[in-house]
Amino acid sequence: MIRPTLRMLGAVIRDGVRRAPLVGWLGTAVLLAVLLAALLSPLAGYPVGADVTTARSEAPSAAHWLGTDHLGRDVFWRLLLASRAFVGPGSLACAVAAGLGVPIGALAGWWTGPASQALRGALGAVAAIPALVLVVLGCARFGTGPV
Amino acid sequence: MSPGRRWVRLVALRLLGALGTVAGATALLLALLFLAPGDPIDTIPNGEALRPQLTEQFGLDRPPAVRWAVRLGRALVFDLGTSYVYRPGAPVAEVVARPAVRTVGLVAAACALAVGLGGLLAGITAGRRSALRPLVQAGSLVATFVLADVLVSGINDATWWALQAGWIERPAWFALPDQASLVRSALAVAILAGGSGTLAEVHAELEDALVRIRSSPWVDAARARGRVPWGAVLRAMVPAIASTLSDRAALLVGGALVVEHVLLMRGVGDILWQAARLRDYDLALAIALLSAVLVAGTRLLAEAATLLVDPRLRGAAR
């Protein structure tokens, strides 16, 4: 049971890799770069509070790859450190969506009649609220400071 | 059942479905706010001093289900509550009415651009190897807010630099934030259509639909008689367009709110951000509800268009 399932999964992945369009590879490369930045940035030992230099609003150079902002902070390092702020919540959101979506979708498909209709209706109501609106609404309720 | 009655029944069922979606979205939004600590009075200056009166005025002493039903009933007669901070004392419906029209216009224009340009590109690339395809898809990888910020900063900086260098006079389109500007509107529509991925999605779906239609027997038969049934071909593309726009509705509405904020346009997006900053609870909630209505309305229209052009689906939907 497990071996044929794994074999089928392997075939699906191989097929997907072979058929993936250029833009798919491009998207994967961007995603991997962000993940790598988030994972490896703490290893570089660049302290968050030590990124203020005397050079303000500098153009990109060998010392500051993406230049500095108006407070003299190295933009490249801030970018690397900031990647951690959205990789964590993004991964968690994906895990929650998959963890809830798969059983709910399976139930909606398995059941028939009013129960299935009600489940689909509830999911339709959730999907009718744009995610960004929920975020802004959250800011209205809790404020915009760190949680 | 007569065809007329069948149509009435079909339309009534679909309208009920859309109303159910909005009622469910309202329940979800209110549930999120009920679960959060505190209440709207916390966000009102000097609210604590007036807590007993405000609790009664807002109906906060009633059970959540009653509050949901009351809010839903009021929303049906366009009573969306009162703004307490953004424009103190003003009815929310009055505050958002005109900006909402602008936002709906922006979303509609972005849909029209995505369908028009996506259809044109699909006509060029369908069934052929073309460099246009990866270009359109790559454009959809850029997030709406990044695209908006980069384009606006780029155009503004370049124009400002040319002005400073004395190369050009201040152009008429170089508008101040609170002025209406055709260039800014056009930019917003293009960013929303491209950055939300709608253009790429419409293009891909229409490409598939065109390839299917071209190889269908009825097109072969019409070609054999020496004519191409363009009207029927366009009708056959409607379900693909409707399904894509229906799927993308929430992204388009959410994207419109961001684009309006970044481009300083006076739509509900800008008001929503200000309501969030000022913690104007009723105003933000009403705009969230309006967004859900807009998404449900777009889905309803998409379904109606599909049912109109496909008699087989009409039969199945009865």
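The values are calculated or read from the model by the stated rules, or taken from the named source; none is laboratory data. Every value quoted in this text rests on a predicted model; they were computed, and no experiment measured them. Here the Cβ is made from the backbone with ideal geometry for all residues, glycine too, and neighbour counts use every protein chain on show.
Considering only residues that are facing chain A (nearest Cβ under 8 Å) and farther than 13 Å from residue A:132 by Cα, look in segment B:260-277 and name the one that is modelled with the highest pLDDT.
B:275
Being modelled with pLDDT of 80 or more and under 29 Å from residue A:127 (Cα atoms) narrows it down to one of B:33, B:15, so name that one.
B:15
Here is a check on your reading of the model: is residue B:257 within 14 Å of chain A (Cβ to nearest Cβ), in contact with a Leu (Cβ under 8 Å, 6 or more places away or on another chain), among the hydrophobic types (A, V, I, L, M, F, W, C) and in contact (Cβ under 8 Å) with a residue 24 or more places away in the chain?
The answer is yes for residue B:257.
Where residues in segment B:126-149 are in a loop (DSSP other than H, G, I, E, B) and of a type in the set (A, V, I, L, M, F, W, C), which of them is modelled with the highest pLDDT?
Restricting to residues being in a loop (DSSP other than H, G, I, E, B) and of a type in the set (A, V, I, L, M, F, W, C), the top hit is B:126.
Look through A:144, A:112 and report the one residue that is modelled with pLDDT under 85 and at the interface with chain B (Cβ under 9 Å from one of its Cβ atoms).
Unique residue meeting the criteria: A:144.
Name the one entry in A:137, A:123, A:66, A:92 that is of a type outside the set (D, E, K, R), more than 10 Å from chain B (Cβ to nearest Cβ) and surrounded by 15 or more Cβ atoms within 10 Å (Cβ to Cβ).
It is A:66.
Inside segment B:57-104, can you point out the residues that are among the polar types (S, T, N, Q) and in contact with a Leu (Cβ under 7 Å, 6 or more places away or on another chain)?
B:83
Sort out which residues of segment B:133-151 are touching a helix residue (DSSP H, G or I) at 6+ places or on another chain (Cβ under 7 Å) and within 12 Å of chain A (Cβ to nearest Cβ), and write them in order of number.
If the condition is that a residue be touching a helix residue (DSSP H, G or I) at 6+ places or on another chain (Cβ under 7 Å) and within 12 Å of chain A (Cβ to nearest Cβ), then B:133, B:134, B:136, B:137, B:138, B:139, B:140, B:141, B:142, B:143, B:144, B:145 are the ones that fit.
Per-residue answers, yes or no, for (1) part of a helix (DSSP H, G or I); (2) farther than 30 Å from residue B:21 by Cβ:
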position: A:15; (1), (2): yes, yes
position: A:23; (1), (2): yes, yes
position: A:29; (1), (2): yes, yes
position: A:41; (1), (2): yes, yes
position: A:59; (1), (2): no, yes
position: A:79; (1), (2): yes, yes
position: A:97; (1), (2): yes, no
position: A:102; (1), (2): yes, no
position: A:105; (1), (2): yes, no
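Only one residue in B:139, B:118, B:123 is touching a residue at least 12 places away in the same chain (Cβ under 8 Å) and buried (at least 20 other Cβ atoms within 10 Å of the Cβ), so which one is that?
B:118
With respect to residue B:254, determine if the residue is part of a helix (DSSP H, G or I) and within 16 Å of residue B:118 (Cα to Cα).
Against the criterion (part of a helix (DSSP H, G or I) and within 16 Å of residue B:118 (Cα to Cα)), residue B:254 does not qualify.
If I ask for residues that are surrounded by fewer than 16 Cβ atoms within 10 Å (Cβ to Cβ) and free of Cβ contacts under 8 Å to residues at least 40 places away in the same chain, which ones from segment B:230-248 would you list?
Result: B:230, B:231, B:232, B:234.
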